[in-house]
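K.L.:
Quick one: structure below, then a few questions.
The values are calculated or read from the model by the stated rules, or taken from the named source; none is laboratory data. The shown structure was predicted, so the numbers you read here are calculated from the model rather than taken from an experiment. Cβ sites come from the backbone with ideal geometry, for glycine too, and all protein chains shown count toward neighbours.
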Amino acid sequence: MRIQRTTQEDRRFILWSIFPSLFAVVLVGGVPVLYTFILSLKDYQLIKPPGVYIGLGNYIDLLMNNPRYIHALLFTILFAAGAVVIEIVIGFLVAYVLADEEVTSRYSSFIRTLILIPFVVAPVVVSYTYKTLIYDVTFGYLNYFLQLVHLPVFDLSQGIYNAPIGILIMEVILRTPFVTLILFAGISSIDASIFDAGAIDGVSWWKRMYLLTLPNIKPIIVVAFAFRFMDALKMFDEIYVITGGGPGYVTENVSIFAVRYGFEYFRMGYAAASAFIFLIVVLVLIMSFLKWSKFEEEMV
Amino acid sequence: MKKFGGLVLFIFGILLICQVATGAESNWGNIDWMQFKGTQLNVLATSMPVSEVYKSKIAEFEALTGIKVNFELLNDVDRKKKQLVDYASGMGEYDVANVGFSNREEFAQPGYMESLQPYLDNPKLTDRDWYNIDDYPRDVLAGGISGDKLVMIPFTAEYFLLWYRKDIFSQLNLTPPKTPTELKAVAAKLEEARKDGKIEEFAFIERTMSGSSEGGWNLFCTAHRLGFDFVDFKDMVSYANTPKGIEIMSFYTDLCKQYGPPGSANWTWTDIGAAAAQGKLAMVVGGNASYAYLEDKNTSKVAGKMGYVPPPMENGKDPLWIWGWAINAKSKNKEAAWLLVQWLTSPNLITGMAPLYGCPARKSVYSLPEYIEAMPSQEFIDSQLWMMENGIDPDTQFLLTPMYGEVADLVSKEMNAVVAGIKTVEQACQDAEAALIKIGFKSSAQ
C-alpha cells in the first residue's frame, strides 16, 4: 500500500487541532514550572515583598549548607524506593494469584473489590485513621492487641525507626491495590497459549511465574514502578497527618520541607529552589530507571 | 363604639410598629447601616466554634445593611496560607478576615492590613458611644495594635489555664499548683496514685509534637510564664543553649515524658482535647476557649468534673492570644468592610454570642447573668478575669515577630527529639542554637 505524504496544509491543520490542548498543558504545567524557577532565583519572602534576585544563592545554600534538606531528599528517595519495591512485590503476588485459573472469577472479583477499599478512601482519611485508631498508644487497636499478648507497645513518637516503619506499612496497604490492578490486567492479557505450551513442557509453578509471566509483563511492571515511584516521591498527606515530619526531622520529606519553608517560614524563593532541585532529581531518577530497564526497547 | 375601638387598635398597632422600628435602629447605634446596600463582601475565617456562631448570624447583618456576605471557613493552616497569598498578590479577594495574634505582625509589617482608626473616628461610619471601644480591657485591645496602628479588633481573649479534675484532686486531697515546683510535686503525687491503682488518669500533659502552632507554642508560652524566652528577637540573640535554656527544656520535657500518656508526643491539640474529654488526664495546661469540648455533656465524660485555674507561673506571665477581625488593605470595599467588622465586634453581637463560645474580648460580658449561667463555674469566670487583668503580657515579643513561626518550629523539633528519646536535652539545646544561628541569630555566648 502506498503511504500518502502529509502536505503542508495537513500539518498546519494538525497543529491547529492540537493547539488548544497544547495551550492548556503549557498554561497549567509549563507556566507554574517557569514561575517556580524564576522564584527560586530570588530571596522572596511573603512577608517582605518584593523579592531580591540572588542567582543560584538558594540552590547553593540548600545543597552545600543545609543538612536538613539533604536529609529530606535522601529520606524521600529511599522511602519512596523502599515502599514501591514492596508494593510491586506484594502487588505482583496478589495479581498472580488472582489471575490464576484455579481461582474462580467469583472469588477473584470478590478479592479485587476487597483490595480496592483502601484505594478509594482519601489518603488523609486513611492517615488520620491509622494515626488515632490504629497506631496511637492510648486509643489505638494495634497497641491494645499488642498489650493483650504482653508484647511491647509500638509508639510512633519514639526513636528514629518507628515512625518511618509505621508510615511505610500504611503506605504499602494503601497503595498496593493500585499496583495489583495494573499487574492483574497485564497478567490477564498474556496469551494463554504461552502457559499452555509451558504446561505441556511440565514447567513448575515457580518457573511459570519466573520464566513465563514476569518477562511478559516487564513493560507493565516498569510503568507501574515509574508511576508509583513518582507518586511516592511527592507524598505529603500521610506524613503531614501522622507525624508532621517528626519525631525531630526523622520523617521530613521534600514536600513537607518545601511547604514548611514556603508557608511557615514564608521563604518562597528558598522553598521554590528546594522543589526545583527535587524536580531535577526526580527526572534524572526516572530517566535513569527507564534507560536501565530498556523500557523503550521493550515497548518497540 | 365598635368602629372607634377598631380605630384605636389600628393606631396602637401603627405606634407599636414604629416603636419596634425605632428601637431596632437605636439598638444598633446612630449610623446609617444601609449606606452600602448592594455591596458584596468576601470574608475568610478559621473554622472554629466561634466562627460557626458568626456564620449562623451573618444573615442578620445582611438584613441590617443590605450587604451580601460570602463567609468562607477554612482550617487554620489553610486559612493562613490563602490569606497570605491573597495579601501578597495584592488581589484584594478577601475584604475581611480573621487574624490570629501570632499572624499580626506577619501581616501588618508588610502593610497588608488596613489601619482601622480612621474608620473608628468617622461619625458617618461609627457611633463611638454605642460601639464603646473602652469596654475592651487595655491589654486585650493592645493586642490589635501594630506599632501605633489599630489593625484588628479582637473578638476573643485567650490564654492558658490549668485544667484539673476536681474529683481526683478531692479524692487525693490535692490543691491545684501555682508554681512550677508545685506542678512537679502534684504531678508526681498523681503519678504515684496511678501506679498504686488509685486512679487511672495520667498526671499531666502539654503539647510536645513539633511545629510552631503545636509544641512550639506551648513550649514558648511555658518558658515565658517562667520568665524566660529562648530568643531575643529584637537583638537577634539565641538563649537556647544557656543554663537557663537547658533548665527550661529539661523541665518541660521531663514533665511530659514522666507524667504524660505514652505516645502523646505525637498528639495535636485536638488529640489532647479528646483525651481530656475521655477522662484520660488529670491535669492539662490548655486554652480557656476549649472548655466547651470538656463541658459538653453529650460527648465528654468529664463534664462538670473539671476545675480551671491560672496556669503555674514564676517571674513571668502568659502570652495573650486573641483572634481579631481585620480589613485587607487592598480591599475595594473598605468602608463596607468596616461596617461588617464593627458589627462583628459590636457590644450587641458579642453579648449575644459570648455564652456560646466563652472567651469574649469585651469585659462587660463577663458579668452578664446569661453569660455566667452558660459558663461551667464561677471559678472559670474568675480565672479568666484574673488572667485578663493580671496574668497576660500583651507585648510578648516572640509572638509579635514574623520570624516566630520558623524559630518556634526549629526549637520545637529539638524538644520533640528529646521526648522521642533521640537526643539529650543538652544536645537538643546545642542543635537548636546552631539552627538559630544559621538563620541569623547570635549566640548569647558571643
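K.L.:
Can you say whether B:GLY216 is in a helix (DSSP H, G or I), modelled with pLDDT of 95 or more and not assigned by TED's automatic domain parsing to the domain that holds B:SER364, as far as the supplied structure shows?
P.N.:
When the stated conditions are applied, B:GLY216 does not pass them.
K.L.:
Could you list, in sequence order, all residues of the stretch A:155-169 that are part of a loop (DSSP other than H, G, I, E, B) and either more than 9 Å from chain B (Cβ to nearest Cβ) or touching a Lys or Arg at 6+ places or on another chain (Cβ under 8 Å) (or both)?
P.N.:
A:LEU156, A:TYR161
K.L.:
Here's another thing I want to ask about it. Return the only residue of B:ASN241, B:ASN266 being more than 14 Å from chain A (Cβ to nearest Cβ) and touching a residue at least 12 places away in the same chain (Cβ under 8 Å).
P.N.:
B:ASN241
K.L.:
Could you check B:GLY211 against (1) on the phi < 0 side of the Ramachandran plot; (2) modelled with pLDDT under 95; (3) of a type in the set (Gly, Ala, Ser) and say which number it fails?
P.N.:
(1)
K.L.:
Still on this structure, I have one more. Those residues that are of a type in the set (Gly, Ala, Ser) and either assigned to a helix (DSSP H, G or I) or at pLDDT 90 or above (or both), I need them from the stretch B:394-446; list them, please.
P.N.:
Listed by number, the residues that qualify are B:GLY405, B:ALA408, B:SER412, B:ALA417, B:ALA420, B:GLY421, B:ALA428, B:ALA432, B:ALA434, B:ALA435, B:GLY440, B:SER443.
K.L.:
For residues that are among the polar types (S, T, N, Q) and in a helix (DSSP H, G or I), scanning just the stretch B:251-274, find the one that is nearest to B:PHE228 (Cα to Cα).
P.N.:
B:THR253
K.L.:
If we scan the stretch B:178-185, do we find a residue that is touching a residue at least 40 places away in the same chain (Cβ under 8 Å), within 14 Å of chain A (Cβ to nearest Cβ) and either surrounded by fewer than 17 Cβ atoms within 10 Å (Cβ to Cβ) or farther than 20 Å from B:GLY307 by Cβ (or both)?
P.N.:
Checked the stretch B:178-185: no residue is touching a residue at least 40 places away in the same chain (Cβ under 8 Å), within 14 Å of chain A (Cβ to nearest Cβ) and either surrounded by fewer than 17 Cβ atoms within 10 Å (Cβ to Cβ) or farther than 20 Å from B:GLY307 by Cβ (or both).
K.L.:
Okay, next question. Among the numbered criteria (1) among the charged types (D, E, K, R); (2) in contact (Cβ under 8 Å) with a residue 60 or more places away in the chain; (3) surrounded by fewer than 21 Cβ atoms within 10 Å (Cβ to Cβ), which single criterion is violated by A:GLU87?
P.N.:
Just one mismatch for A:GLU87, condition (3).
K.L.:
Given the criterion in contact with a strand residue (DSSP E or B) (Cβ under 6 Å, 6 or more places away or on another chain), away from chain B (no Cβ under 14 Å) and at negative phi, identify the matching residue among A:VAL26, A:VAL52.
P.N.:
Step by step, each of A:VAL26, A:VAL52 is checked, and only A:VAL52 is in contact with a strand residue (DSSP E or B) (Cβ under 6 Å, 6 or more places away or on another chain), away from chain B (no Cβ under 14 Å) and at negative phi.
K.L.:
B:LYS334 - would you say it is over 20 Å from the mean Cα position of the chain (by Cα), surrounded by 18 or more Cβ atoms within 10 Å (Cβ to Cβ) and more than 14 Å from chain A (Cβ to nearest Cβ)?
P.N.:
yes
K.L.:
In the stretch B:253-281, which residues are surrounded by 18 or more Cβ atoms within 10 Å (Cβ to Cβ) and farther than 30 Å from B:SER47 by Cα?
P.N.:
B:THR253, B:LEU255, B:TYR259
K.L.:
Taking A:ILE54 as the residue in question, decide whether it is in contact with a Leu (Cβ under 8 Å, 6 or more places away or on another chain) and modelled with pLDDT of 90 or more.
P.N.:
Taking the combined requirement at face value, the residue satisfies it.
Residues are listed down the side, and each one gets a yes or a no for (1) within 14 Å of another protein chain (Cβ to nearest Cβ); (2) assigned to a loop (DSSP other than H, G, I, E, B); (3) among the basic types (Lys, Arg); (4) touching a helix residue (DSSP H, G or I) at 6+ places or on another chain (Cβ under 7 Å):
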| site | (1), (2), (3), (4) |
| --- | --- |
| B:LYS81 | yes, no, yes, yes |
| B:VAL85 | yes, no, no, no |
| B:TYR119 | no, no, no, yes |
| B:VAL140 | no, no, no, yes |
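K.L.:
Turning to a different aspect of this structure: Take the stretch A:180-198 and flag every residue that is loosely packed, with under 11 Cβ neighbours inside 10 Å and of a type outside the set (Ser, Thr, Tyr).
P.N.:
Answer for the stretch A:180-198, where residues must be loosely packed, with under 11 Cβ neighbours inside 10 Å and of a type outside the set (Ser, Thr, Tyr): A:ASP191, A:ALA192, A:ASP196.
K.L.:
Exactly one of (1) touching a strand residue (DSSP E or B) at 6+ places or on another chain (Cβ under 7 Å); (2) β-branched (Val, Ile, Thr); (3) more than 14 Å from every other protein chain (Cβ to nearest Cβ) is unmet by B:ILE246. Its number?
P.N.:
Result: B:ILE246 passes all but (1).
Yes/no matrix, rows are residues, columns are (1) within 26 Å of A:ILE167 (Cβ to Cβ); (2) free of Cβ contacts under 8 Å to residues at least 40 places away in the same chain; (3) within 14 Å of chain B (Cβ to nearest Cβ):
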{"residue": "A:THR251", "(1), (2), (3)": "yes, no, yes"}
{"residue": "A:VAL259", "(1), (2), (3)": "yes, yes, yes"}
{"residue": "A:ALA271", "(1), (2), (3)": "yes, yes, yes"}
{"residue": "A:PHE276", "(1), (2), (3)": "yes, no, no"}
{"residue": "A:VAL282", "(1), (2), (3)": "yes, no, no"}
{"residue": "A:MET287", "(1), (2), (3)": "no, yes, no"}
{"residue": "A:LEU290", "(1), (2), (3)": "no, no, no"}
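K.L.:
Please identify the pairs in which a residue from the stretch B:198-213 that is away from chain A (no Cβ under 12 Å) has its Cβ atom under 7 Å from the Cβ atom of a residue that is of a type in the set (D, E, K, R), counting only partners at least 6 apart or on another chain.
P.N.:
Matching pairs, first to second residue: B:ALA203/B:GLU191; B:ALA203/B:ARG194.
A quick yes/no check of all residues on (1) modelled with pLDDT of 90 or more; (2) away from every other protein chain (no Cβ under 14 Å):
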position: A:GLU87; (1), (2): yes, yes
position: A:GLY91; (1), (2): yes, yes
position: A:TYR96; (1), (2): no, yes
position: A:ARG106; (1), (2): no, yes
position: A:PRO118; (1), (2): no, yes
position: A:LYS131; (1), (2): yes, no
position: A:ASP136; (1), (2): yes, no
position: A:ASN143; (1), (2): yes, no
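K.L.:
So which residues in the stretch B:345-389 are without any contact (Cβ under 8 Å) to a residue 12 or more places away in the chain and closer than 18 Å to B:LEU161 by Cβ?
P.N.:
B:ILE372, B:GLN378, B:ASP382
K.L.:
Check B:ASN70, B:ASN30 and return the single one that is out of contact with any Pro (no Cβ under 8 Å at 6 or more places or on another chain), under 21 Å from B:VAL99 (Cβ atoms) and of a type outside the set (Asp, Glu).
P.N.:
B:ASN70 is the lone residue from the list that is out of contact with any Pro (no Cβ under 8 Å at 6 or more places or on another chain), under 21 Å from B:VAL99 (Cβ atoms) and of a type outside the set (Asp, Glu).
K.L.:
What about B:LEU190, is it in the same structural domain as B:ALA282 (by TED's automatic domain parsing) and surrounded by fewer than 24 Cβ atoms within 10 Å (Cβ to Cβ)?
P.N.:
It is false that B:LEU190 is in the same structural domain as B:ALA282 (by TED's automatic domain parsing) and surrounded by fewer than 24 Cβ atoms within 10 Å (Cβ to Cβ).
K.L.:
Return the residues of the stretch B:69-95 that are over 25 Å from A:MET268 (Cβ atoms) and surrounded by 15 or more Cβ atoms within 10 Å (Cβ to Cβ); say none if nothing qualifies.
P.N.:
Matches in the stretch B:69-95: B:VAL69, B:PHE71, B:LEU73.
K.L.:
Same structure, new question: If you take the residues of the stretch A:220-244 that are closer than 16 Å to A:PHE75 by Cβ and within 14 Å of chain B (Cβ to nearest Cβ), which of them is nearest to the chain's Cα centre (by Cα)?
P.N.:
Once the filter is applied, the top-ranked residue is A:PHE236.
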